[in-house]
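Down below is the structure, laid out as structure tokens.
The values are calculated or read from the model by the stated rules, or taken from the named source; none is laboratory data. This is a predicted model, so every value here is computed, not measured. Cβ sites come from the backbone with ideal geometry, for glycine too, and all protein chains shown count toward neighbours.
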Amino acid sequence: MKDREHYISPFSTRYASDEMQYVFSERFKFGTWRRLWIALAKAEKKLGLDITDEQIAELEANKDNINFEVAEEREKIVRHDVMSHVYAYGKQCPSAEGIIHLGATSCYVGDNTDIIILRDASGIILKKAVQVIKNLSRFAEKYKSLPCLAYTHLQPAQLTTVGKRATLWINELCYDIANLEFQLSRLKLLGSKGTTGTQASFMELFSGDEKKVKELERLISEEMGFDGCVEVSGQTYSRKIDAYFLSVLSGFAQSAYKFSNDMRILQSFEEMEEPFEKNQIGSSAMPYKRNPMRCERISSLARYVIADAVNPAMTAGTQWFERTLDDSANKRISVAEAFLAVDAILNIYINVTSSLVVYDKVITRRVMEKLPFMATENIMMECVKRGGNRQELHEALRVHSQSAASKVKLEGGTNDLIDRIAADPLFPITKEEIIEKLDPKEYIGRCPSQVDEFLNDVVSPIIEKYGKEEISEELKV
């Protein structure tokens, strides 16, 4: 039954996927704690401590059937989450009770689990970002030659193509993927560093044998699927790691934010639209409206992530000496919610880009309204070839353009710039010849080739690397 009397995060009910929520769930967290305790016991046994195969088998047999209630009741008494779960695990594994967590401090399970969560959550982000790229790549290929207005300062500038604009959205995500891959390539476990990072407890366990203490970390990292452990630390891994990863997530949010804002403007222009379902309601008061609610949701969540990325940066800077605990409450909210929010953003991004709507006739009409202004440089160059004076022609074009623009803006008339130029004896060119120059495809430069080259050289290797499996996302609400 739904709990209607306590706060429930919208990430759980409205936004984030079950897949991402699982990575930040208690089941995953405490299940990983148990896997880490097993890895520790196996390594310690291999290095000569008095731990039996039967004890490890008992730990393995109970790693998934977590007795949450026992741990929760114990925590009310001892006020310590790690020791509560050590106690609960021990109740299920009586023969192994005495060797669980041997030599370790709380951060052995807490911090190593957080690193594993960073890795696994990042894998989900990469998979979904690549799907967005796949969707947009197909779109870019389809519309690589469809001319549309390009903008600088949100004012019509020259022309581009619908497909070329899509490559700008893709390119931002390519940067984000490369950045996340870099952070993952450097990610290491904390390992078994002890209370202040000196490994003193493990030196005691192994009678001062430094080689065994170092080998212990290698065995643990191997068991957990990492190349190694950080070389030095205090009690915790450096909180800069969280700051690095949330900076990357902020980058994904920025990229999606730009896309969503571009789409919201294009929908206002009636050139493109996000998908709009048959029974979807755009407004409670205005039945005709088709609001860009999905892209607005991207924009909203993106702002949250960008602001949230400040949290781990502040935490990293305020870790006194070997550690303080003022990171904990902030960390468990800020890191989790950043991943959940970017997951939600990418879910929507996948959904929108899978069925983008293009109104090519509206796009072409708007191009033709502005093309006479954009063609003036070509007209001027042609007239110079025929003996005209460049400076005189430029001034005349400036005057005619301003007059034509005033007629459109102030009088609500049509753009008569071509007629004005054709009627001016300063221009040795006929109206018919000018109209021949008003082919939008003559003003898109290398757009089709740029799209082909970008998709082949930059995008295809990314898609090949992550596989061609397709994923789709249905919106929760």
Mind checking which residues of the range 420-457 are farther than 30 Å from N378 by Cα and either surrounded by fewer than 15 Cβ atoms within 10 Å (Cβ to Cβ) or of a type in the set (D, E) (or both)?
-> N456, D457
For the subset of the range 193-223 comprising residues that are part of a loop (DSSP other than H, G, I, E, B) and in contact with a Lys or Arg (Cβ under 7 Å, 6 or more places away or on another chain), which member is farthest from A43 (Cα to Cα)?
-> Q199
Could you tell me whether the range 235-252 includes any residue that is in contact with a Pro (Cβ under 6 Å, 6 or more places away or on another chain) and closer than 30 Å to F454 by Cα?
-> yes
Index of the failed condition, A88 passing every other in (1) more than 30 Å from I170 (Cβ to Cβ); (2) small (G, A, S); (3) touching a residue at least 24 places away in the same chain (Cβ under 8 Å) = (3)
Restricting attention to the range 53-79, and to residues there that are touching a residue at least 40 places away in the same chain (Cβ under 8 Å) and not acidic (D, E), which single residue is surrounded by the fewest Cβ atoms within 10 Å (Cβ to Cβ)?
-> F68
When every residue in the range 368-407 that is outside any helix (DSSP H, G or I) and touching a residue at least 40 places away in the same chain (Cβ under 8 Å) is compared, the one surrounded by the most Cβ atoms within 10 Å (Cβ to Cβ) is A375
Selection from the range 59-105 of residues outside any helix (DSSP H, G or I) and farther than 28 Å from K211 by Cα yields N62, K63, D64, N65, I66, N67, R79, H80, C93, P94, S95
Please find, among K409, K370, the residue that is outside the structural domain of T430 (by TED's automatic domain parsing) and either farther than 17 Å from A422 by Cβ or at pLDDT 95 or above (or both).
-> K370
Within the range 119-135, is even one residue over 30 Å from D457 (Cβ atoms), among the β-branched types (V, I, T) and assigned to a helix (DSSP H, G or I)?
-> no
Do we find that I56 is over 23 Å from C229 (Cβ atoms), of a type in the set (A, V, I, L, M, F, W, C), assigned to a helix (DSSP H, G or I) and over 38 Å from the mean Cα position of the chain (by Cα) in this structure?
-> no
Identify, by number, the condition in (1) touching a strand residue (DSSP E or B) at 6+ places or on another chain (Cβ under 9 Å); (2) among the charged types (D, E, K, R); (3) within 28 Å of G225 (Cβ to Cβ) that D114 doesn't meet.
-> (1)
Residue ranges of helices (runs of 4 or more DSSP H) in the range 259-367 with at least 3 members modelled with pLDDT of 95 or more and touching a Lys or Arg at 6+ places or on another chain (Cβ under 7 Å) = 310-317, 328-353
